[in-house]
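What follows is a short report on a single structure.
Here, each number is a calculation from the coordinates, and none is a lab measurement. What you see is a predicted model, and the numbers here were worked out from it, not measured in a lab. Here the Cβ positions follow ideal geometry from the backbone for every residue, glycine too, while neighbour counts run over all protein chains shown.
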Amino acid sequence: MRVVSGIQPTGNLHLGNYLGAIKQWVAMQDQCECLFFLADLHALTQPVVPAELAASTIEMAAALLAAGIDPKRSILFNQARVPAHSELAWILGGTARMGWLNRMTQWKDKAGKNREGASVGLFTYPVLQAADVLLYKASHVPVGEDQKQHLELARDIATKFNTDYGVELFPLPEPFVSKSAPRIMSLRDGGAKMSKSDPSDMSRINLIDSDELIAQKFRKAKTDAEPLPDSFDALEGRAEARNLVTIFSALADRTPQSVVEEFAGKGFGAFKPALADLAVATLAPIRDQLARMHNERAYVAQALADGAERARILAAPTLLAAKQAVGLQV
């Protein structure tokens, strides 16, 4: 079982990133071969400030290391250090179809009404994503619900490439969706995903937040006046309440049902402090380790360099086989 997953270096990690992806990544290190990368090439699909992108890449790598990614057990690298990602993406661009990319929901959402003004990279982003996972013949890819369509595209590209060129080069990667917290929502709006781009800092718990700030954000999180029921299913239609219970269950490695049973009949005046205490106990060690990592940037940079070297070695045979399949290399 080989797992490949990436995250854009766009700023500080938040609780949604941690529970929806990073916590899962850390656990996977004991179960399978893992490659985790900083998607700095993907970041170029939107306007960037070069110095900020470089700094954010190091900061994001530090956050992953602080959260428990072990560069000895996993391969951690930034995408741009492995040119095979770009080379395979170009080759796969001859296999992918415009119609497939036009149907991508995220393309429609991000480009909006200004499609003519959007970058080519934003449109072809899913092809590079496909290359990211097919390059290493990933068996599984951890994805959120909003990314499953892109993985389906990667499978379509792999199938068409194998068929067109009469090879069995690319296995079809399977999605791996966290059952404990597939999607963490905003603390201010239960209908919106927790995001770094939300203008309200109160909408998310950042991994660098102090204990006091974490408690304050949960205390002010939007809820309703009803007590918690004794069934998680009964929270249907109560998006904010459902989100807080989901966060509690993911932090505690418990089922949402067991959480509502514990707090059944109680209001959020009792639930929120318990949730804040649990979040602080989980995140404070990560925050403290991250602070130390910020003073050890040479270590972080070396970890990325070492990981990239291992990734390049792993990627080389697949890229060579793809070139041979299409006639670029004998």
Query - Residues satisfying the stated conditions in the stretch 277-290, i.e. closer than 14 Å to Ala67 by Cβ and either aromatic (Phe, Trp, Tyr) or free of Cβ contacts under 8 Å to residues at least 12 places away in the same chain (or both) - result: Pro285, Asp288
Query raised in the report: Could we say that Leu41 is touching a helix residue (DSSP H, G or I) at 6+ places or on another chain (Cβ under 9 Å), surrounded by 19 or more Cβ atoms within 10 Å (Cβ to Cβ) and assigned to a helix (DSSP H, G or I) here?
Result: yes
Requested in this report: Find the residue count for the stretch 77-106, including only residues that are over 23 Å from Pro9 (Cα atoms) and out of contact with any Lys or Arg (no Cβ under 6 Å at 6 or more places or on another chain).
Outcome: 12
Query raised in the report: Picking from Gly237, Gly190, which residue would you name as being part of a loop (DSSP other than H, G, I, E, B) and in contact (Cβ under 8 Å) with a residue 12 or more places away in the chain?
Result: Gly190
Query raised in the report: Residue check: is Glu240 surrounded by fewer than 21 Cβ atoms within 10 Å (Cβ to Cβ) and over 25 Å from Leu213 (Cα atoms)?
Result: no
Query raised in the report: Does Leu283 fit the bill of being in contact with an Asp or Glu (Cβ under 8 Å, 6 or more places away or on another chain) and surrounded by 12 or more Cβ atoms within 10 Å (Cβ to Cβ)?
Result: yes
Requested in this report: Answer yes or no: is there a residue in the stretch 10-23 that is of a type in the set (Lys, Arg), buried (at least 20 other Cβ atoms within 10 Å of the Cβ) and outside any loop (DSSP other than H, G, I, E, B).
Outcome: yes
